[in-house]
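Bear in mind these aren't lab numbers, they're just calculated from the coordinates by the rules spelled out. Just so it is clear, the model here is predicted, and its values are computed rather than measured. Neighbour counts run over all protein chains shown; Cβ positions are idealised from the backbone, glycine included.
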Amino acid sequence: MNFELVAVFYRNFELTNFELVFYKIQNSKLKIAGAAENNSKLKTQNSKSQAQPRITQNSKLKTQNRRRSREQLKTQNSKLKIAGAAENNSKLKIQNSKLMKHIVFLTGAGMSVESGFKTFRGNDGLWENYPVDQVASHEGWLKDPTLVTNFYNMLRKKLYAAQPNEGHRLIHEMEKKYKVTVITQNVDNLHEKAGSTDVIHLHGELTKVCSSRNPDDPRYQRELTKDNCEVKPGTLAGDGSLERPFIVFFGESVPMISVAAEVAEQADIFVIIGTSLNVYPAAGLIHYVHPSVPVYLIDPEPSLGVGRENFTHFECGASEGMRRLCKIL
């Protein structure tokens, strides 16, 4: 055997194996490098694909926040405009109120006659065929509270059926040109039904009930509705006393008379409708009116005057008298 050839062959064989091993290693490195590169690309792609929704979501959120901010600004501006307009209107009303002349009405039972609501006290001393002292006096209430309660339940139903007459409506219309205050001896709410906004009730309000122990305590006063206008006899007020009509009975003080006197002092024009000026203390309000202020009386009954120079008497009913008054004012 030729050992030299074998050695050479062996050497060649070893070199060939070495080269094969080398190639395997190189291929393995290439595979690893390729896999790493592919993984890197995949990670990059995944990172981009994950980042894209986040960017989109963030963009949407920013857009929504901008819209909310714009809407909030619009709402705030709208509120500010409304508040500003209300404040301006309030200021204008105050200014107009100061510039307007103040006309004060003193109304009595004759004001409501045309509405079909019977006067508080007729010439015969009867009210709806009941003696006044039985149904409209403090003594009458103490003697028979059930009779008094039922009487006012009946009267209240009649009131809810009554409607303001033209005289009531014309008084309300005067508010367009004047500052108007109504001082009424009537217990009905026909002035309010006609739209009058400033009404002082001297003798109480038929639509309310109160405590018999503390009639003027607002905590125990209650407003009745058309659908629930009856009071069951024996009903108790919040303080445990019998609930009674919110009416100033004969023999009781008139708590609102001092407020009415202050208003009479402020009058630029004073108008008396449907009262004979015989019921005190309301009749004394004329003496609080400044001597220079013109006074008008609207009543069908003859009058002896009120001892004033600038006094005009319209001898007619409330509606006709108000029509005449509106023509000259």
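Output yes when any residue across segment 155-170 is more than 31 Å from the chain's Cα centre (by Cα), in a loop (DSSP other than H, G, I, E, B) and not β-branched (Val, Ile, Thr), and no when none is.
no
Considering only segment 212-223, how many residues are surrounded by 20 or more Cβ atoms within 10 Å (Cβ to Cβ) and out of contact with any Cys (no Cβ under 9 Å at 6 or more places or on another chain)?
Number satisfying all stated conditions: 1.
List the strands (runs of 3 or more DSSP E) inside segment 212-329, counting only whole elements, that have at least 1 residues being of a type in the set (Phe, Trp, Tyr) and within 28 Å of the chain's Cα centre (by Cα).
Those strands (runs of 3 or more DSSP E) span 243-247.
With (1) more than 32 Å from the chain's Cα centre (by Cα); (2) not in a loop (DSSP other than H, G, I, E, B) as the list, and Lys193 as the residue in question, which single condition is left unmet?
Result: Lys193 fails condition (1) only.
Which of the residues belonging to segment 128-148 are assigned to a helix (DSSP H, G or I) and over 19 Å from Lys118 (Cβ atoms)?
Matches in segment 128-148: His138, Glu139, Trp141, Leu142, Lys143, Pro145, Thr146.
Taking Arg156 as the residue in question, decide whether it is crowded, with 17+ Cβ neighbours inside 10 Å, closer than 28 Å to Pro281 by Cβ and in contact (Cβ under 8 Å) with a residue 24 or more places away in the chain.
Here the answer is yes, as Arg156 does meet what is asked.
Would you mention how many residues in segment 281-328 are loosely packed, with under 13 Cβ neighbours inside 10 Å and among the basic types (Lys, Arg)?
1
Scan segment 243-278 residue by residue and report those that are out of contact with any helix residue (DSSP H, G or I) (no Cβ under 9 Å at 6 or more places or on another chain), under 22 Å from Leu206 (Cα atoms) and touching a residue at least 12 places away in the same chain (Cβ under 8 Å).
Within segment 243-278, Phe246, Val248, Pro255, Met256, Val259 meet the criteria.
So which residues in segment 171-187 are out of contact with any helix residue (DSSP H, G or I) (no Cβ under 8 Å at 6 or more places or on another chain) and either touching a residue at least 12 places away in the same chain (Cβ under 8 Å) or under 18 Å from Glu320 (Cα atoms) (or both), if there are any at all?
Selection gives Glu175, Lys177, Tyr178, Val187.
Could you count how many residues in segment 285-307 are in contact with a helix residue (DSSP H, G or I) (Cβ under 8 Å, 6 or more places away or on another chain) and either within 13 Å of Leu106 (Cα to Cα) or not β-branched (Val, Ile, Thr) (or both)?
Matching residues across segment 285-307 total 10.
Based on what the data block shows, is Val209 buried (at least 22 other Cβ atoms within 10 Å of the Cβ), under 23 Å from the mean Cα position of the chain (by Cα) and farther than 22 Å from Phe151 by Cα?
For Val209, the condition - buried (at least 22 other Cβ atoms within 10 Å of the Cβ), under 23 Å from the mean Cα position of the chain (by Cα) and farther than 22 Å from Phe151 by Cα - is not met.
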